[in-house]
Each structure stands twice: as C-alpha cells, then as structure tokens.
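What follows draws every value from the coordinates through simple rules; no lab data is involved. All figures in this text were calculated on a predicted structure; none of them were measured in a lab. Here Cβ is always computed from backbone atoms with ideal geometry, including for glycine, and neighbour counts include all displayed protein chains.
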Amino acid sequence: MAVEMNSSVRHSLRFRLASTFAWFGALVSLLLSIGLSFTAHNLGERLMDETLRAEIEDYLSRRARNPNSLPPATISVRGYVHVPGRGAEDMPPELLKLSPGKHQLSLDDTPYRVAVVDKGNERYVMLFNEKSQRRREEQFLIYLILGALIMTLVSAGIGWWLAGRVVAPVTELARRVAKAKPENEMLEIEKGFSNDEIGKLARVFGGYLRRMRAFIDRERAFTSDVSHELRTPLAIVQGAVELMEDDESLDEKQQKRIARIGRAARQMIDLTAALLLMAREQTFDEPAERDCDVCDAVREAIDMHRYLVSANTRVELVCQSHPQIAAERTLLGIVVANLIRNAFAYTESGTVSISVDGNCLTVADTGMGISEEAIGKVFQRHFRGSGSTGAGIGLSLVKRICDRYGWETVIESSEGRGTTAQLFFLRLPPELHPA
C-alpha cells in the first residue's frame, strides 16, 4: 500500500511541477555557482599578479636608491634577485629556468604565483604564497555548494506550494468527475470554476455528462419499451404453443412443427432477456444473481437442443462435480447453450463429449472443426464461419457475458477433426493461455 501511494505521488501532476521547479532551481544555482567560482578564482589571480607587480616596482625603486636593499620576505610575498657574476645561492634552481612573465609552480609542496622581470643583466623574481588564497577559494566553493542546495530546496518548496495552487482546480475537477454519476442530476461539474482553461474543461465534462444522462434516459426508455413489446407477444406465442402441444388431435408431423415453434419461442425469450441485460450496466434494479448449478444448466441445454443431434452422433455427459456459480441464470444458460448447440449442429457423426470438472466446462466434438484462419475470429460480432446458418452473434454474446463475470472461454479446433471448447469460471493466468 505504501509503495502504491509513493508511486501515485511520484506520478502526480503536483509532484512533477514541483520537481520541475526544483530542477530549474538546481540548474540556475549550479550555473551561478560555476560562474561565481570562476570569477572568484580569476579575480584572485589578478590580485596576486597586481600584488607581485607592485612589489617588484617597489623593490626596483628601493634598489635604485639603495643597491643593498633586500627583496621582500614576508609570509605571503618573497623576492629574489639574480646578478650575473655574484652567484645565486639562495635562489631555488627552478626559478633560474623561468622565462620573464607570470608563472605558477610549487616549491616544497607549496603553491606559488611567480612574476619574473629582467632589467639589464639582473633578474628579479617575486613569489606569492597561494595557500591562503586557495583555502579561501575552497571555503567560498563550500558556501556556493551549500547555497545551491538551499536554493534547490527552496525552489522545491516554492514549487510544491505553487503547484498545489495551480493543480488545486484540476484536483477539484477530477474529484467532481469521479463523483459524478449519470443518475445524479443535482451535481453541476462546471459550477464555481473561472473562465480559464480549467473552466472550459469543466464545461466540456459537464456537457458530456448531460449528454450521457440523456442517452441513459433514452436507453432505459428503449429497453423498457422493447422488454414489454417483445416479451408480451412472445409470452402469447409460448402460451399458444403449450395449448397446441396438449392437443391430442394433432398428428406427429404437426407436433414436430409445434415443438419447433416452441423451441424457437423459448430461445427468443432467453435471447431477448440476455440482450436486455447486456444492453445496460449492472444496477441494483436488475435481477439478483444467485448460485446456479452448472450441471443443471448443461442438462437443460442438452434437452433443449437434442433435436440438432444426428442419428450417427453420440452425446456423452460426465459431471465429476457440481460447481455453483453466482450469476444470472439466463446468462449462464445462454453461454452453456451456445457451446453445446454449436457442437450438436456441426457434428454429423461421431461423439460430443460434455464434462464438468471443478470450475471448468468442456465441450468436445468430432465434427467439421474450424479453420486456422477463422479460429481467431469466432468471437467477433456477426462473424459467420463456413457452413454457418446463424446470424453470427452467438459466440460474440458468449464473449460479452464472460467478460461481464470474469469467465474465460478457450476454443481449440482442427479443421476436419473436431473442436474443443472450454469454459473456465475463473480467469486463466497468462502462462496457461493457449498459444
């Protein structure tokens, strides 16, 4: 739970805006720190060079007045003079190799800034000890780093606050949209928003919600009217068929026709009920789901469609268990009946084996099978395979019902050898799906 919350915060719009502010503050601080560090270092070198130049000029002036004047020898500045013929025992040999100008070198692990001036036959060398200057630059760099960190944190804090102000209308709009339900006519999504981009978006959502309410009202009126207008004549037909079935004066041929009309009427009633249930979302006014015995649904489907079984086909039913499935009885019957009817209709000779084991219904036949090209399209709406006489909505309706309840239907077939359809009342993990 904590990981999910952290992930949602990291992917939130407010966090991304605050992160942008933090990165921008860090970038500005880094560039400013680099610029200040470079400037401080450059100014330090210039000051040292100015100091060395001033010391050399001052010493030359003193030496002109007094040839025996000694060069400066302080903690920061130290000077040397080389006069040809007099020797230079006190001057480090590294300094004798330098050309006139400005240099930088280390003597006894001490960094020096060096200025060399030749005047006549004499060489004047001034050294500036850089230890203190480098220490000050390091301290200044630490201050810059701390300042950059503080600037980054301040930018993040300000960014978080500003992002909260900016995102607040979006958050409120998302809350209202999530809370909005088509049946709640009192909720106005766009109320209270200003005339900006968020307000325009809120008005668009409000318009869609009103259109959805109108659509749902029309859909409810349509399904109610269709339910009444279809079920009433179908019930009349069913009642008339039942009366005719009890008429003993009818011959065998007429009884078969009446039975065929009765089966068609019952199938139409079940299909109408299923389509009406699937045409709308699950609501509290729908028929309550109850535990349905899968084996009972299978036996009922076999009896209803046994007229499709040819004389050369044997039907085998094995119920190793009696799973109780929480579902609308009509929808479960539609799924089971479609799988069994297809097996009966497309098996001219051989065997149709039906088994119920655990949470799986298996219907295997030795019929004409399905081609490799058509096997991937059997669940598509209005798809009709070779030799099919239906409208192509049977298996597509099965797919919709399975998606509604989280069931899964797997069909494997080989053309000319038969088909095996498996209905799993628990969704399969990906690794168990057929290739």
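Less than 24 Å apart at the alpha-carbon level, and either on another chain or at least 8 residues along: which lysines does that give for K119?
Of all the lysines, those that pass the test against K119 - Cα under 24 Å, at least 8 places apart if same chain - are K97, K102.
Among DSSP beta bridges lying fully in the stretch 290-432, give the percent that are antiparallel, nearest 5.
Given both bridge residues lie in the stretch 290-432, the antiparallel proportion sits at roughly 75 percent.
For a Förster distance of 25 Å, can you work out the FRET efficiency between the beta-carbons of D403 and A174, rounded to the nearest 0.05?
0.40
If r is the Cβ-Cβ distance from A73 to H41 and R0 is 25 Å, what FRET efficiency results, to the nearest 0.05?
My answer for the efficiency is 0.40.
If I model a spin label at D217 and S249 as a point 7 Å from the Cα along the Cα→Cβ vector, what separation in nanometres do I get?
5.4
How big is the charge dipole of the stretch 290-432 about its Cα centre, in debye rounded to the nearest 20, if each Lys and Arg gets +1 on its Cβ and each Asp and Glu gets -1 on its Cβ?
For the stretch 290-432, the charge dipole is close to 440 debye.
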